[in-house]
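The values are calculated or read from the model by the stated rules, or taken from the named source; none is laboratory data. Everything numeric here is computed off the predicted structure, so don't read it as measured data. Virtual Cβ from ideal backbone geometry, glycine too; neighbours counted across all protein chains shown.
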Amino acid sequence: MRRNPKDSADSSRRITRRGLVLGGAQLAFMGILGLRMRYMQVEQADQFRVLAEENRISIRLIAPARGQIYDRNGATIAENQPSYRIIMVREDAGDIDLVMRRLAALIDLGEDDQQRALKEMRDSRGDTQVTVADRVSWEDISKVAINAPALPGVTPEVGLSRAYPMGPDFAHVVGYVGPISDYDLARIENPDHLLRIPRFQIGKVGLESRMEEVLRGKAGTKRVEVNAAGRVMRELDRQEGKAGANIQLTVDNALQSYVQARLAGESAAAVVMDCATGDLLSIASAPSFDPNLFVRGISVADYSELTENTYRPLANKSVQGLYPPGSTYKMVTVLAALDAGVITPEETVWCPGHLEVSGRRFHCWKRAGHGHMNLETALRESCDVYYYDLALKVGIDAMSAMAEKLGIGVRFDLPMSAVARGRAPTRDWKRENVGQDWVVGDTVNASIGQGFVLTSPLHLAVMTARLAVGRKVEPRLIRSIDGIEQPVIAAEPLGFNENHMRAIRRAMFEATNNRRGTAYGSRIITDGYRMAGKTGTSQVRNITAAERARGVIRNEDLPWERRDHALFVNYAPYDDPRVAVAVVVEHGGGGSAVAAPVARDITLQALYKGDPPLDAYPEGDRARIQALQERLRRERAPSARPGQDRA
């Protein structure tokens, strides 16, 4: 059947329109595709080039060199030593379990170390460098380098590790660094990116911890080229970080070494302070420990040995230990009474050997009594009854206010761990902390440094320095930071009556230089170096009535932990105070027999800046002192210091 010419023409027109539509659509699609290709190839070329580079180039952090620590004369106390280590990056390694097994077959890598590194890699970002092995030998580094193709993501590096060349001498002052932990991170708000690196070392205790941000520095960066297997091919460029600031302490290394050696064998502490500036020339606690053990993580055996030691080597007794000051507190009591005007230096008190207060008998250490005592004789011979009587006249409020004025019951702002406040007790303190009202017996006990009074050796050194110069001397530990001298706080006058101060200083001089003085056996002979001091013995336990009835048990017959503490404070020279010294020997017994000789030896060492001549000592002591000096010289030799030769 023939089609109508009109229908054929309409059909032809429809086909033509469809063809045009389809053709136009195809043309539009091709145009859009071409424009998109041009956009990607031309306008976005730089962006895709960067993306391609990122697959080939890795940006990594460079840990800065930690600031070094020096003594006041420039001797190195904490330094950085080169150390070989092996790191791994998870995203470059691929199968980290396989790579770890290959690595363990090459070098000595324990199962615990492997599991620790694997956990750190899984818990960290994929591009984080994890230290698998630290302080490895050059032989191990060579093995890793030779087998590099089989160890993707593994890189040997040369880093810096903390070392303490003086070993235990500065352990309690400087502290130590150690690998960062989750606990450390939780305590830091907005932690630095460096701290996210597993096992990055930060200060754990002591100055290393308190000055962490100053010592740490700022991280740098480096760009390295890696191949498809994740191996580092070459370093393209680097931007160095900023090293941590170097810190110089006020402590004298030679004196600190001597003090630690002199305290050896005791559970004790000593502080030596410059009377003019407040510089802490020595701040020692015994026994000590080797901080190098903590740098890489101390072993269970070594840590148990420290924690199970009865003498508590990890505790910093010089600033953290709190002890009843005993008779070294008597200067506080008498100065409070003088300042309040309730006595004069010449006024006497009768000592029959005890004092009855509210139906209770408070005994003097001399059971037969001292007889008539004034300020000088009572301090010289340490008569307790004299101070009991003063306490009843002046009261606890004036005594505690005077104690704070002299530095007791104050937390000093030093960059050390656990600096204790101590305690100058008040009525309110007892009510809030003990739940009882203050009674007169508390005041009597406090007058001789017993009861609720607590001090550290640091408090006692500050008290002694302030008594020596009559000014508010503040303790100072940091001398300079990056060569910039740190300011010395101006020591304002304390406002005491100078006649009262002269009377107390003269009494302290008599306690050390008069034949009837409690510290006469530990005097200094050399004119111009003589010292003024005060002994102290603080009770660890009360003597019961039954014990008194049968004769007081001798201190040396008791178990060590129940014996009295021995204390001594002094300053020297008497006419021109340069140093103040405080010594506490835990459970040492009498201050005159145990603590005073130690303090005298330390004082002479500080004044002479080395071993003093034998004629500075009483003639009967010289043979013993010569033998002691020779022994201490051997113990202070560098080869005798743990950690001295550690890598």
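Checking each residue in segment 578-598 for being closer than 23 Å to VAL251 by Cα and either assigned to a helix (DSSP H, G or I) or hydroxyl-bearing (Ser, Thr, Tyr) (or both) picks out ALA595, ALA596, PRO597, VAL598. Among the residues examined, ILE489 qualifies as part of a loop (DSSP other than H, G, I, E, B), more than 25 Å from GLY449 (Cβ to Cβ) and in the same structural domain as LEU375 (by TED's automatic domain parsing).
What are the residues in segment 445-473 that are assigned to a helix (DSSP H, G or I), surrounded by 24 or more Cβ atoms within 10 Å (Cβ to Cβ) and β-branched (Val, Ile, Thr), if any? Matches in segment 445-473: VAL462, THR464. Only one of the numbered conditions (1) within 36 Å of the chain's Cα centre (by Cα); (2) assigned to a helix (DSSP H, G or I) is not met by VAL144, and that is (1). Evaluating ASP575 against the criteria (1) loosely packed, with under 13 Cβ neighbours inside 10 Å; (2) acidic (Asp, Glu); (3) modelled with pLDDT of 90 or more; (4) in a helix (DSSP H, G or I) leaves one unmet condition, (4). The set of residues in segment 101-136 being free of Cβ contacts under 8 Å to residues at least 40 places away in the same chain, among the charged types (D, E, K, R), surrounded by fewer than 16 Cβ atoms within 10 Å (Cβ to Cβ) and over 12 Å from ILE86 (Cβ atoms) consists of ARG101, GLU111, ASP112, LYS119, ARG122. Inspect segment 493-501 for any residue being outside any loop (DSSP other than H, G, I, E, B), under 25 Å from GLU586 (Cβ atoms) and over 21 Å from the mean Cα position of the chain (by Cα) and give the result as yes or no. No - not one qualifying residue is present in segment 493-501.
Of the residues that sit in segment 592-610 and are over 15 Å from ARG530 (Cβ atoms) and of a type in the set (A, V, I, L, M, F, W, C), which one is surrounded by the most Cβ atoms within 10 Å (Cβ to Cβ)? Per the stated criteria, the residue is ALA595.
Report, by residue number, each residue of segment 359-389 that is under 18 Å from ARG515 (Cβ atoms), outside any strand (DSSP E or B) and aliphatic (A, V, I, L, M). Result: ALA378, LEU379.
Restricting the first member to segment 137-156 and to residues that are in the same structural domain as ARG85 (by TED's automatic domain parsing) and without any contact (Cβ under 8 Å) to a residue 40 or more places away in the chain, and the second to residues that are buried (at least 18 other Cβ atoms within 10 Å of the Cβ) and not in a helix (DSSP H, G or I), the beta-carbon pairs closer than 9 Å and six or more apart or on different chains are SER142/PRO156; ALA145/PRO156. Could you tell me whether LYS317 is touching a residue at least 60 places away in the same chain (Cβ under 8 Å), assigned to a loop (DSSP other than H, G, I, E, B) and among the basic types (Lys, Arg)? In short, yes.
State yes or no: is TRP429 assigned to a helix (DSSP H, G or I) and assigned by TED's automatic domain parsing to the domain that holds SER327?
When the stated conditions are applied, TRP429 passes them.
Considering PRO287, PRO324, PRO291, the condition of being in the same structural domain as ALA580 (by TED's automatic domain parsing), closer than 29 Å to ALA519 by Cα and surrounded by 24 or more Cβ atoms within 10 Å (Cβ to Cβ) is satisfied by PRO324 alone.
So is ALA340 outside the structural domain of VAL205 (by TED's automatic domain parsing), closer than 30 Å to GLN201 by Cβ, among the hydrophobic types (A, V, I, L, M, F, W, C) and modelled with pLDDT of 95 or more or not? Answer is no for this residue. Flag: GLU356 matches the condition of being assigned to a strand (DSSP E or B), more than 24 Å from TYR520 (Cα to Cα) and without any contact (Cβ under 8 Å) to a residue 60 or more places away in the chain. Set side by side, the residues THR333, THR344, THR328 differ, and just one is over 23 Å from TYR258 (Cα atoms) and either of a type in the set (Asp, Glu) or assigned to a loop (DSSP other than H, G, I, E, B) (or both), which is THR344.
Within segment 174-219, the set of residues being free of Cβ contacts under 8 Å to residues at least 12 places away in the same chain, under 24 Å from ARG85 (Cα atoms) and not in a loop (DSSP other than H, G, I, E, B) comprises ASP182, LEU185, GLU212. Among all positions in segment 348-367, there is at least one residue which is within 40 Å of the chain's Cα centre (by Cα) and of a type outside the set (Lys, Arg). Within segment 619-646, which residues are modelled with pLDDT of 60 or more and farther than 17 Å from ALA254 by Cβ? GLU619, GLY620, ASP621, ARG622, ALA623, ARG624, ILE625, GLN626, ALA627 - these are the residues of segment 619-646 that are modelled with pLDDT of 60 or more and farther than 17 Å from ALA254 by Cβ.
Residue count for segment 504-538 satisfying the condition of being farther than 23 Å from LEU335 by Cβ and in a loop (DSSP other than H, G, I, E, B): 8.
Within segment 91-100, the set of residues being in contact with a helix residue (DSSP H, G or I) (Cβ under 6 Å, 6 or more places away or on another chain) and in contact (Cβ under 8 Å) with a residue 40 or more places away in the chain comprises ALA93, ILE96, VAL99. Counting residues in segment 377-384 that are at pLDDT 95 or above, touching a strand residue (DSSP E or B) at 6+ places or on another chain (Cβ under 6 Å) and closer than 15 Å to MET331 by Cβ gives one or more. Selection within segment 474-499: residues that are farther than 30 Å from ALA336 by Cα and among the charged types (D, E, K, R). The member of this set that is surrounded by the fewest Cβ atoms within 10 Å (Cβ to Cβ) is GLU485.
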